[in-house]
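Below: the structure, in structure tokens.
Just so it is clear, none of the values below were taken in a lab; they were calculated from the coordinates. Since we're looking at a predicted model, the values are computed, not measured. So basically every Cβ, Gly included, is an ideal-geometry build from the backbone, and we count neighbours across all protein chains shown.
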Amino acid sequence: MKVSKLFTKTIRETPADEEAINAQFLMRGGFVFKNSAGVYSMLPLGLRVLQKIANIIREEMNLIGGQEMFMPTLVEKKYMEPTNRWDLEVGYFAKAKSEKEASFVLGWSHEEVLTSIATKYVNSYKDLPFSAYQIQNKFRHEARAKSGLLRGREFMMKDLYSFHASQEDLDDYYEKAREAYYKVFKRCGLDAIYTVAAGGVFTEKFTHEFQVAAEVGEDTIYVCSECKYAENKEITKLADGNSCPKCSGKVKETQSIEVGNIFDNGTRYSEALGLYFMDENGNKKPVVMGAYGIGLGRVMATVIEVSHDDRGIIWPASIAPFKVHLISLGKNTEAEKVYNELHESGVEVIYDDREDKSAGEKFADADLIGCPLRLVVSAKMSEDEIEIKKRSEKEVSVIKRSEFAKHLKF
Ligand code: ATP
Ligand code: MG
């Protein structure tokens, strides 16, 4: 990708209406465009990051047997009424063309839709277990939408649902999902803390959240410094400095961001929507269900909150929009050659080929956009030299061009 061809541009000024660091850098870097409060467009750079996060999630969900699908955004009243979730505050209602009364809500969660679909395919215990997921935009009325991409009113979510013949089978799968979630977050460069939290809408049981320690986080959790056992403030009796309920460590109060969570929904949805199966003895039973969510935009924003400096984003290589940010200084044909070589060998590279920008401006943009490796080819260098710098380090070195391939292993 040549910067001269990119239709978006970086912005120097901090946007006046965004307090959150993630939104400031994402908007300044040309990753996202704010259309309305809590509603963002993904621009070409932003979409590249989001798609990398999506692919990491896909790989890990597929490994635990998740089958990818895609459900409608328009969710009809008939799905939500049986679970009493039709007229909840959270929903944006779609206006019907000829009726005063809305009959669709913009999907904010899809338990009901998939449970209803499953009623057509599940008859016996032999049809279980299975799990299916989608990556799709959700729509929610959010009271406060000032955390940038951390809390959108329209946001992309991966929602997986699992269906089981017994509680034990769900419990097993829940553990698998937990491991898969750790892997997803680790691969995205995040250290997630598995946290016991309150039940969701209509759940009396506990749920589990994956929390990332960050000052801007809206959640407060108590984390053991030894075993990392954690409880959310909303359910805990723990206070800062208390003994851990699981080991001899002490818990610490920490602000955090919930990047994902997993729910044991039991038979609530299956009973409400008529999802039953025949067990081995011919008894009719409701299917036991789990639900597992990850916010993709929230993951992207969280990475920025925990990995930036005053000049911009520091992406982990796994989700960076490009691995290499190549800059050409002064009039030279060598940079173009390097670009073509990288491009041909399949390295994802953004090439700042602009002739009307100063070195200072190009360096500032590279820091703002945050790709892991910066390469500079200048008219002043001898033909076989190239300057190399990691975004996460200060050190700049000039190396032989023939040697830089080994720096491209991520
Ligand atoms: P929160 O307590 O932060 O509102 P939630 O409990 O409503 O989250 P879920 O409904 O379980 O979240 O959604 C699953 C995941 O989707 C969350 O863990 C989070 O990563 C993401 N998510 C939820 N709401 C938003 C939002 N408004 N904007 C961006 N991501 C969100
Ligand atoms: Mg919520």
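Just to check your reading of the model, which residue among Lys158, Lys186 is basic (Lys, Arg), more than 13 Å from ligand 2 (Cβ to nearest atom) and surrounded by fewer than 16 Cβ atoms within 10 Å (Cβ to Cβ)?
Testing whether each residue is basic (Lys, Arg), more than 13 Å from ligand 2 (Cβ to nearest atom) and surrounded by fewer than 16 Cβ atoms within 10 Å (Cβ to Cβ) leaves just Lys186.
Are any of the residues in region 98-114 aliphatic (A, V, I, L, M) and within 16 Å of ligand 2 (Cβ to nearest atom)?
yes
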Out of Arg85, Arg140, Arg151, Arg144, I need the residue that is within 16 Å of ligand 2 (Cβ to nearest atom) and over 19 Å from Gly295 (Cβ atoms). Which one?
Arg85
Unmet criterion (only one of (1) out of contact with any Phe, Trp or Tyr (no Cβ under 7 Å at 6 or more places or on another chain); (2) in contact (Cβ under 8 Å) with a residue 24 or more places away in the chain; (3) closer than 30 Å to Pro129 by Cβ; (4) not basic (Lys, Arg)) for Val39
(3)
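From the set of residues in region 245-285 that are hydrophobic (A, V, I, L, M, F, W, C) and within 30 Å of Leu150 (Cβ to Cβ), which is nearest to ligand 1 (Cβ to nearest atom)?
Checking each candidate, the answer is Val259.
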May I ask you to verify whether Lys228 is surrounded by fewer than 21 Cβ atoms within 10 Å (Cβ to Cβ) and either in contact with a Leu (Cβ under 8 Å, 6 or more places away or on another chain) or under 18 Å from Gln255 (Cβ atoms) (or both)?
yes
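Which one is farthest from the chain's Cα centre (by Cα), of the residues in region 320-340 that are within 23 Å of Val49 (Cα to Cα) and in a helix (DSSP H, G or I)? Break it down into steps so the answer makes sense when it comes.
We begin by selecting, within region 320-340, every residue within 23 Å of Val49 (Cα to Cα); these are 320-327, 339-340.
Restricting the remaining residues to those that are in a helix (DSSP H, G or I) gives 339-340.
Working: Tyr339: 30, Asn340: 32 Å.
Per the criteria, the residue is Asn340.
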Kindly indicate whether Phe410 is surrounded by fewer than 17 Cβ atoms within 10 Å (Cβ to Cβ), under 24 Å from Leu47 (Cβ atoms) and in contact (Cβ under 8 Å) with a residue 12 or more places away in the chain.
yes
Tell me which of these His164 doesn't satisfy, since it passes every other one: (1) away from ligand 2 (no atom under 16 Å from the Cβ); (2) surrounded by 16 or more Cβ atoms within 10 Å (Cβ to Cβ); (3) within 20 Å of Met71 (Cα to Cα); (4) not hydroxyl-bearing (Ser, Thr, Tyr).
(3)
Answer from Thr207, Thr195 - the residue that is surrounded by 21 or more Cβ atoms within 10 Å (Cβ to Cβ), within 16 Å of ligand 2 (Cβ to nearest atom), more than 14 Å from the chain's Cα centre (by Cα) and of a type in the set (S, T, N, Q):
Thr195
Tell me whether region 69-89 contains one or more residues that are within 21 Å of the chain's Cα centre (by Cα) and within 30 Å of Gly346 (Cβ to Cβ).
yes
Exactly one of these conditions fails for Met69: (1) in contact (Cβ under 8 Å) with a residue 12 or more places away in the chain; (2) farther than 27 Å from Ile319 by Cα. Give me its number.
(2)
